[in-house]
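Visitor: One structure, pasted below without further comment.
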Amino acid sequence: MMKPRYGIFVVAMSWPAFATIDVYKPANMELGTGWKLTPQLRAAVGFDDNTAHTNSDETDSWFLELAPEFLLHAGNEVTSYKIGYLLTDGNYFSSSEDDYTDHRFKVDLSHDFTRRHRLDFNYTYRRDHEARGKGITEGNGNNVNEVAEFDVQDVSATYGFGIPTAKLNADFMLGYYQKDYTNFEPISDFRDYDAVLGSITGYWRLSQKTSIVLQWLGEDKTYDRSDATGSRDSFTQTLLGGVKWEATSNTIGEVKVGYENRDFDDGDREDFDGLAWEARVVWKPRSYSTFEFTTGNQAKDPDTFGDYVEEQSYQLNWHHKWRERMATNFDLQYLDESYTGIDRDDEEWTMRVGLEYAWRRWLVTEFSYAYSDHSSDLQQVEYDKSVWLLSTRIAL
């Protein structure tokens, strides 16, 4: 229920299915006056052995997913524009209750006023969904006949000061985030919210490849309605400090550790004061092999019951290019969630392996398998599932 804070590694339940092989290079359509259009299409067929994320009476189904994407872009070294649209339509052959149609519209604008002053503006609209048994229908996947749908408005502006060779650089961000569910009103009416976000990040350059990082993040969240347990409105502040480095041409990383405070407006809810961290390290022992490790710790709102969830996340990714046109991906993720306001602790392991092959510059195929195991003190929300997927991406 919480929008991930800016700058932190975001834990996801799935990985992008789009290609990462260098050979795959979509071509542009020249529209004149500097504008270009890059269209792509991803088509995937897969098998899900537990579409409703349950531990009994599991539903399995083959599914088809189509995802056309369009990127309109223009610009130069001073100003750049990007306008993107992605449609993702999923149809399940044996369980139409799991069908979904998602939309994403995104606008990005970057402008350098001078060498030291720059502005980035980002706007995203999403019509998205939560699969049955996830989010607000957690533990009740078999009792609902459709996925939960919601709209998201996400806008932010970031002012940056400094140049890469300067001793001091800083970014100042102000944003707004709104989430509104469009179905399951008896439940979702109490989960619609908006939030004002801000952050200040400073970089103190110690050497050519190492900088000290100091960061403040704030979020003022307001829910549209309060349920019988009281208001969920809160103000969260996070202070982080750490280091950002590029030790060699093969290793880069950023590690930040600090303190997070979440203060609820409702005095009957338990506030959070505790450790926060986020880290990302990328190691490239060979030009064709990349390891990436990410981890984070934060307090977030629960999807159903409780005051907050303290979540620790760890993820390891390995991308290896065996040949110019062929690569494999391996991803391993672990989540540890401790609830406050309800007696509940969850753990989840997710593993994914995939093989990519680029047939042409404009055509790539991936075959993957993903397995998830979710355990909890509440048996109702436990599940495990496997997903097989064969996808192809086509471009000009």
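Visitor: What single numbered condition from (1) outside any strand (DSSP E or B); (2) within 30 Å of V23 (Cβ to Cβ); (3) of a type in the set (A, V, I, L, M, F, W, C) fails to hold for F305?
Guide: (2)
Visitor: Please go through the stretch 158-204 and pick out each residue that is among the charged types (D, E, K, R), more than 15 Å from D120 (Cβ to Cβ) and not in a loop (DSSP other than H, G, I, E, B). Working first, answer last.
Guide: Restricting attention to the stretch 158-204, the residues satisfying the condition of being among the charged types (D, E, K, R) are 167, 171, 179-180, 185, 189, 191-192, 194.
If we keep only those that are more than 15 Å from D120 (Cβ to Cβ) too, we end up with 167, 179-180, 185, 189, 191-192, 194.
Scanning the stretch 158-204 gives K179, D180, E185, D194.
Visitor: Between a residue in the stretch 350-361 that is outside any strand (DSSP E or B) and any residue that is open to solvent by less than 90 Å² (accessible area, probe 1.4 Å), which pairs come within a Cβ distance under 8 Å, given they are 6 or more apart or on different chains?
Guide: If the second residue must be open to solvent by less than 90 Å² (accessible area, probe 1.4 Å), the pairs left are R361/V23; R361/Y24; R361/A27.
Visitor: When you check W349 against the structure, is it touching a His at 6+ places or on another chain (Cβ under 9 Å) and under 21 Å from R280 (Cα atoms), yes or no?
Guide: It is true that W349 is touching a His at 6+ places or on another chain (Cβ under 9 Å) and under 21 Å from R280 (Cα atoms).
Visitor: Starting from residues that are outside any strand (DSSP E or B) and open to solvent by 70 Å² or more (accessible area, probe 1.4 Å), keep the ones in the stretch 98-128 and report whichever is modelled with the lowest pLDDT.
Guide: First pass over the stretch 98-128, keeping only residues outside any strand (DSSP E or B): 98-99, 113-116.
Subset that is open to solvent by 70 Å² or more (accessible area, probe 1.4 Å): 113-116.
On the way: F113: 96, T114: 94, R115: 91, R116: 94.
Within the stretch 98-128, the match that is modelled with the lowest pLDDT is R115.
Visitor: Among the residues of the stretch 358-394, write down those that are buried (at least 19 other Cβ atoms within 10 Å of the Cβ), among the hydroxyl-bearing types (S, T, Y) and over 30 Å from T304 (Cα atoms).
Guide: S368, S391
Visitor: Determine whether M1 is at pLDDT below 95, open to solvent by 30 Å² or more (accessible area, probe 1.4 Å) and in a loop (DSSP other than H, G, I, E, B). Break it down stepwise before answering.
Guide: Details: at pLDDT below 95: yes; open to solvent by 30 Å² or more (accessible area, probe 1.4 Å): no; in a loop (DSSP other than H, G, I, E, B): yes.
So M1 does not fit the description; no.
Visitor: Taking the condition of being under 30 Å from R262 (Cβ atoms), hydrophobic (A, V, I, L, M, F, W, C) and crowded, with 16+ Cβ neighbours inside 10 Å, how many residues in the stretch 311-357 meet it?
Guide: Number satisfying all stated conditions: 1.
Visitor: Within the stretch 48-70, track down each residue that is in a strand (DSSP E or B) and open to solvent by 60 Å² or more (accessible area, probe 1.4 Å). Spell out the reasoning first.
Guide: Our first condition is that a residue be in a strand (DSSP E or B); within the stretch 48-70, this holds for 48, 61-70.
Of everything in the stretch 48-70, those that are in a strand (DSSP E or B) and open to solvent by 60 Å² or more (accessible area, probe 1.4 Å) turn out to be W62, L64, L66, F70.
Visitor: Restrict the check to the stretch 110-132 and report whether at least one residue is aromatic (F, W, Y) and within 30 Å of T165 (Cβ to Cβ).
Guide: yes
Visitor: Let me ask you something else. Is there any pair linking a residue in the stretch 46-63 that is more than 14 Å from A131 (Cα to Cα) to one that is among the acidic types (D, E) and modelled with pLDDT of 95 or more, with Cβ under 6 Å and at least six apart or on different chains, and which?
Guide: These pairs meet every condition: N55/E382.
Visitor: Which is open to solvent by less than 50 Å² (accessible area, probe 1.4 Å) and outside any loop (DSSP other than H, G, I, E, B), of R280, R262? Don't jump to the end; show me each part of the working.
Guide: Numbers: R280 fails: open to solvent by less than 50 Å² (accessible area, probe 1.4 Å).
The unique qualifying residue is R262.
Visitor: Here's a follow-up. Would you confirm, using the coordinates I've provided, whether F93 is surrounded by fewer than 16 Cβ atoms within 10 Å (Cβ to Cβ), touching a residue at least 24 places away in the same chain (Cβ under 8 Å) and either more than 25 Å from the chain's Cα centre (by Cα) or farther than 25 Å from L396 by Cβ (or both)?
Guide: yes
Quick grid of which residues meet (1) touching a residue at least 24 places away in the same chain (Cβ under 8 Å); (2) among the acidic types (D, E); (3) closer than 29 Å to G230 by Cβ:
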site	(1), (2), (3)
D154	yes, yes, yes
K167	yes, no, no
Y176	no, no, yes
F184	yes, no, yes
G198	yes, no, yes
W204	yes, no, no
S207	no, no, no
T210	yes, no, no
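The values are calculated or read from the model by the stated rules, or taken from the named source; none is laboratory data. Keep in mind the model is a prediction, meaning the values are calculated, not measured. Here the Cβ is made from the backbone with ideal geometry for all residues, glycine too, and neighbour counts use every protein chain on show. Only protein heavy atoms, including side chains, enter the accessible area calculation; ligands, DNA and RNA are left aside. Shrake-Rupley method; radii C 1.70, N 1.55, O 1.52, S 1.80 Å.
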